[in-house]
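This report refers to the structure that appears directly beneath it.
The values are calculated or read from the model by the stated rules, or taken from the named source; none is laboratory data. Model, not experiment: these values are computed from the prediction. For neighbour counting, all protein chains shown are included, and Cβ atoms are generated from backbone atoms with ideal geometry for every residue, glycine included. For the accessible areas, the whole protein counts, side chains as well, though only heavy atoms, and no ligand, DNA or RNA atoms are used. Shrake-Rupley method; radii C 1.70, N 1.55, O 1.52, S 1.80 Å.
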Amino acid sequence: MSRLLFPDDFLWGAATASYQIEGSPSADGKGESIWDRFSHTRGNIWNEENGDLACDHYRLYREDVRRMADLGLNAYRFSISWPRIFPQGGGKPNPEGLDFYRRLVEELHSCKIRPAVTLYHWDLPQALQDRGGWANRDTAQYFGEYAAFVFENLDLPVERWITLNEPWVSAFLGYGLGVHAPGINDFNIALQAAHNLLLGHGLAVSSFRDIERGNEPIGITLNLAPVHPASDSKADLAQAERADGFMNRWFLDPLFRGSYPQDMVELFLRSFDFAPAQEEDAGVIAAPIDFLGVNNYTRTVVRAGGSEDDFMGNPINPPGSEYTEMGWEVYPRGIYELLTRLHRDYGPLPLYITENGAAFNDELNRDGTVDDRQRISYLEGYLAEAWNALQEGVPLKGYFVWTLLDNFEWSFGYSKRFGLIYVDYPTQKRYFKNSAYWYRDVISRNGLEV
Ligand code: FCB
């Protein structure tokens, strides 16, 4: 047996998102979000489900925080619902909306759990979508103003701020493929949305720097994955490079290098109605940040697609691998590859794993237990590889499991369970899965025994 110990000040957390857990969609003056609208539109969500109740966390947050304390978490990543604060996106703020998050942060502090607050985890006010949403440049401005309001008025210590969660998903699944809210299928629009999201991030960072919040750090969370070619053929290698450009570099380069990657700019100019960004935006987007949040679940393996301008390629599922309920390959080495690459190509920069986890077919036993050994082995594998990256000098500062509670998994509704805690939706009762006890032990040892 060997012990893989993590640094003394390492953050051990779990992550959630407002729409996935809160419910109470119109409580205390909350406005409609694009996810309220999208999930209530027939045909969008598995089994026609929606987030109206979700985990009822808006009402049960106190007991949920108590459970986090029972697990020994020293950090918790949650998101603020923008339409709770600005029901119409901008204009008049709703103080009762902010009060909920103030109470939540107080509760966390009373349990010595440090909050990591995400400002945008996909629930855009519908009022802004009615004016084009992220495809409209004004939305970036509104986001900057919403962020400034929160920085000024959430007047309690917040140990970490995250502007956006996974702008790639917001833009390309929401506006390009239409499988997420707002359900638009137009790649030209998705490219605009991606740019305006990045601009919104930059504007939020710049308002943060203008407001005195001590030494609180601010960053962004991206969904990133290593991309592997299906074979050593020239075509597959070139395909993997383009897929990496689309999945990873399209966001990393403007944030950390001040410009979009040239190979992808040329490709998009050939294929889409894509206008190169306004010069002055580049500086706003690349405003220095204090850390990068990394969400990683799997890797991507691609075979060359139809043409040299195909930037997605044909994803394949390598035979012999294990797959989660999402159909995602379990590939722990990927997190090592990713962290060391980020450090090499974009560092030095503190990194956090802001999401990592797996959906499996969990069953609640009669005695209230859940034997989720596949999740334990998934998490153990990824954490061991994160530890390997630390040994190579990667400044990894914390790890957040996705997710605390089983919850509303977007277009999959409640059919995918990612939680450390099992939620019995009809009764809203919570049950610790075995992985929760396992994680509690990892935290108390500050590492793994493997
Ligand atoms: C990420 C999202 C998170 C959850 C997990 C499974 O892309 O940020 O909300 O859906 O995937």
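Descriptive notes on the structure:
- Spin-label proximity, E308 to region 222-248 - amide N less than 16 Å from point 7 Å beyond Cα toward beta carbon: 234-243
- Model label sites at D290 and V179, defined 7 Å from Cα along the beta-carbon direction, differ in position by 3.5 nm.
- Potential lengthening of the chain between D441 and E152 amounts to 100.3 nm, from the contour at 0.36 nm per residue minus the alpha-carbon distance.
- Gain upon complete extension [S233, R66; 0.36 nm per residue less C-alpha separation]: 54.8 nm
- For the chain, the 222 nm mean residue ellipticity estimated from helices alone, with every DSSP H stretch of n ≥ 4 adding -39500 (n - 2.57) and the total spread over all residues, rounds to -11500 deg cm²/dmol.
- Solvent-accessible area of the chain (1.4 angstrom probe, protein heavy atoms only): carbon and sulfur portion equals 48 percent.
- Anisotropy class of region 318-420 from Cα gyration tensor, a/c 1.5 cut: prolate
- Label-to-label distance, nm, for residues given as D138 and S321 (7 Å Cα→Cβ offset): 4.4 nm
- Packing-based ranking, highest mean first, of 125-133, 57-65 given that Cβ atoms within 10 Å are counted: 125-133, 57-65
- Of the GluC sites (Glu not before Pro) found in region 289-326, the ones in coil according to DSSP and having at most 16 other Cβ atoms within 10 Å of their Cβ are E308, E322.
- Sequence-ordered 3J(HN,Hα) estimates for region 210-215 from the Karplus curve with 6.51, -1.76 and 1.60 and θ = phi - 60° stand at 7, 10, 6, 10, x, 9 Hz, glycine and proline given as x.
- In the full protein context, the chain carries 38 Å² of accessible surface per residue, based on a 1.4 Å probe and ignoring ligands, DNA and RNA.
- Working ranking of peptides 341-347, 331-337 by packing, defined as the average number of other Cβ atoms within 10 Å per residue, highest first, is 331-337, 341-347.
- Across the protein chains, with a 1.4 Å probe defining accessible surface, the residues T324, T41 rank T41, T324 from largest area downward.
- Cβ-placed point charges (K, R +1; D, E -1), dipole of the chain about Cα centre in debye, nearest 20: 680 debye
- Taking the DSSP beta bridges with both ends in the chain, the antiparallel portion is around 25 percent.
- Comparing A238, A135, A204 in a Gaussian network model of the chain where C-alpha atoms under 10 Å apart are linked, the largest mean-square fluctuation is found at A238.
- From most to least packed by mean Cβ count within 10 Å, the peptides 245-252, 148-155 give 245-252, 148-155.
- Looking at region 1-144 alone, DSSP beta bridges between its own residues are antiparallel in about 10 percent of cases.
- Each label was represented as a point 7 Å from its Cα along the Cα-to-Cβ direction; for R59 and D28 these points are 1.4 nm apart.
- Anisotropy class assigned to region 25-82 is prolate, per the alpha carbon gyration tensor with a/c at or over the 1.5 cut-off and a/b larger than b/c.
- Phi-based couplings in Hz for region 105-111 (Karplus 6.51, -1.76, 1.60; Gly and Pro marked x): 5, 4, 4, 4, 4, 5, 9
- Gain on full stretching of the segment that runs from K112 to E280 - 0.36 nm per residue minus C-alpha separation: 56.3 nm
- Gyration tensor (alpha-carbon) shape descriptor, region 3-449, a/c threshold 1.5: rounded
- Our coupling estimate for region 341-352, obtained by passing each phi through the Karplus curve with A = 6.51, B = -1.76, C = 1.60 and θ = phi - 60°, is 5, 4, 5, 5, 8, 10, x, x, 7, x, 10, 10 Hz, Gly and Pro reported as x.
- Pairs of lysine residues in the chain that meet both criteria, 8 or more places apart or on different chains and Cα atoms under 30 Å apart, total 11.
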